[in-house]
Amino acid sequence: MKLILLGAPGAGKGTVAKLLTAVDGSVQISTGDILRGAVNAGTDLGKEAQGYMNRGDLVPDSLIMGIMEDRLQEPDCEKGFLLDGFPRTIPQAEELKTLLAKLNIELDMAVEIDVPRDVILDRLCTRRTCANGDCQAIYNVKSNPPKVEGICDKCGSPAIQREDETEEAITHRLETYNEKTAPLIGFYKNEGLLMTVTATSSDDVIAAVKAKLSL
Ligand code: ADP
Ligand code: ZN
């Protein structure tokens, strides 16, 4: 399947993407994971992105488009992909449309995961992420804590609160979402590609997507 996952930070795009990879072998492409990996590795890209990310601001469109143009041409994308955190602005969506046409790739749909704001806020404050850039497993201190407090089950690295998950940065990320990313819902509606799922359980989102695609 070739999907875009839309939704506010904390809506569960990453969790849904991971679950969908198991359905048909499509790959998850998370621009947030790619950028955090680059920050941890100290690459030029990471150095350029770090300041924006820590403040909860978006990284410039040009940086993101460069990453995605390369990524979408890697062989593992042939089976399908789940775009998680991209596109994030109308210019990114316009450029993606051009890029996909150039690469002869057709999207199935853009899935909007619609979750109430109070649930989102609670999730983001209690989220913990594995600090190992190659793992980045996600936990929640209330609903899905690691077996040993503060330690990733999968790789043993510290599971920490992200620098952009302080209350101040979270508020700013949600404002950025409303201003820059929410307009994509109208964009994909116009393209005839929008599917909205109102569900707080990731399993319910998966079921709705599978039903829609007859999988
Ligand atoms: P979340 O969806 O939980 O906010 P992500 O992991 O998707 O977090 O992104 C973390 C940060 O990485 C964003 O706040 C932003 O700074 C940057 N980022 C990720 N994807 C993009 C994108 N497509 N365009 C611009 N910035 C991005
Ligand atoms: Zn880990």
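The values are calculated or read from the model by the stated rules, or taken from the named source; none is laboratory data. Model, not experiment: these values are computed from the prediction. Cβ coordinates were reconstructed from backbone atoms using ideal geometry, including for glycine residues, and neighbour counts include every protein chain displayed. Please note that ligands, DNA and RNA were not included when accessible areas were found on the heavy atoms of the full protein model with its side chains. Shrake-Rupley method; radii C 1.70, N 1.55, O 1.52, S 1.80 Å.
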Item to check | Positions within the stretch 102-132 being within 14 Å of Val205 (Cβ to Cβ), modelled with pLDDT of 95 or more and surrounded by fewer than 17 Cβ atoms within 10 Å (Cβ to Cβ), in sequence order | outcome: Asp114
Item to check | the stretch 144-159 residues that are open to solvent by 70 Å² or more (accessible area, probe 1.4 Å) and of a type in the set (Lys, Arg), paired with ones that are near ligand 2 (Cβ under 7 Å from one of its atoms) and assigned to a strand (DSSP E or B) (beta carbon under 8 Å, 6 or more apart) | outcome: Lys154/Cys130
Item to check | Selection within the stretch 51-83 - among the hydrophobic types (A, V, I, L, M, F, W, C) and open to solvent by 40 Å² or more (accessible area, probe 1.4 Å) | outcome: Leu58
Item to check | Filter result (more than 16 Å from ligand 2 (Cβ to nearest atom), farther than 21 Å from Phe187 by Cα and either open to solvent by 20 Å² or more (accessible area, probe 1.4 Å) or among the hydrophobic types (A, V, I, L, M, F, W, C) (or both)) within the stretch 1-16 | outcome: Val16
Item to check | Selected residue (criterion: nearest to ligand 1 (Cβ to nearest atom)) from residues of the stretch 27-64 that are under 15 Å from the mean Cα position of the chain (by Cα) and over 19 Å from Glu165 (Cβ atoms) | outcome: Ile64
